[in-house]
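The values are calculated or read from the model by the stated rules, or taken from the named source; none is laboratory data. Being a predicted model, the structure only gives us computed values, none of them experimental. Cβ atoms come from the backbone with ideal geometry, glycine included; neighbour counts cover every protein chain shown. Please note that ligands, DNA and RNA were not included when accessible areas were found on the heavy atoms of the full protein model with its side chains. Shrake-Rupley method; radii C 1.70, N 1.55, O 1.52, S 1.80 Å.
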Amino acid sequence: MITTRLHTRSLVALLAVGSLGLAACGSDDAGDELPTPAPAEQPADEPADEPADDSPADEPTDEPAVEGDVIGTANIGGTIVDPKPHPIDDIAIAESYPEQLMVQFTSGDANCLAATATATASGDEVVVSLVVGITEDAMSKSCVAGDVQHTLNVALDEGLDGRSVAAADA
């Protein structure tokens, strides 16, 4: 009988301690929620934050950073992923009017290459810039490593009319 009372008291004490632990965890009652702090007031002399601009910052572009009027462009491979300025090996001028510029450069496999050449007129000079990267689907293709000679034919919208032609610094 003493053993039974001891077990009963132990069980009652265990239940009491357990119920205290549950009470400390809180409940799902809405009345027990803590109040949400009010947003901090912004001083009147400080401007309000501008709404977030959803446009990506510094999005890569296929366009060169050369000043002047664009008078011709040519592209191979479509949209350029990770475009970077690229050195031009040679620029040949085709005999026509308006002229065409044949921009030669060395880069990787044509199956994975995307490039854009842009001719920009400024004063008495036409500057040709080249940006090169990979195609959008290059990661899913098998591309042969190595250096391959490429030519982009840039048809000009207007004639050179005695202006010199130079490659932009890459």
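Quick notes on this one:
Yes or no, residue by residue, for (1) modelled with pLDDT of 95 or more; (2) loosely packed, with under 15 Cβ neighbours inside 10 Å:
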position	(1), (2)
Ala92	yes, yes
Phe105	yes, no
Met139	no, yes
Asn153	yes, yes
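- Conditions (1) surrounded by 12 or more Cβ atoms within 10 Å (Cβ to Cβ); (2) more than 23 Å from the chain's Cα centre (by Cα); (3) part of a strand (DSSP E or B); number of the one not met by Thr116: (2)
- Among the conditions (1) exposed (fewer than 14 other Cβ atoms within 10 Å of the Cβ); (2) at pLDDT 95 or above; (3) more than 24 Å from Val144 (Cα to Cα), the only one that Pro87 does not satisfy is (3).
- The residues on offer are Pro98, Pro64, and the sole one that is within 18 Å of the chain's Cα centre (by Cα) and either open to solvent by less than 70 Å² (accessible area, probe 1.4 Å) or at pLDDT below 95 (or both) is Pro64.
- Taken over segment 125-137, the criterion of being surrounded by 15 or more Cβ atoms within 10 Å (Cβ to Cβ) and either free of Cβ contacts under 8 Å to residues at least 12 places away in the same chain or outside any strand (DSSP E or B) (or both) is satisfied by Thr135 alone.
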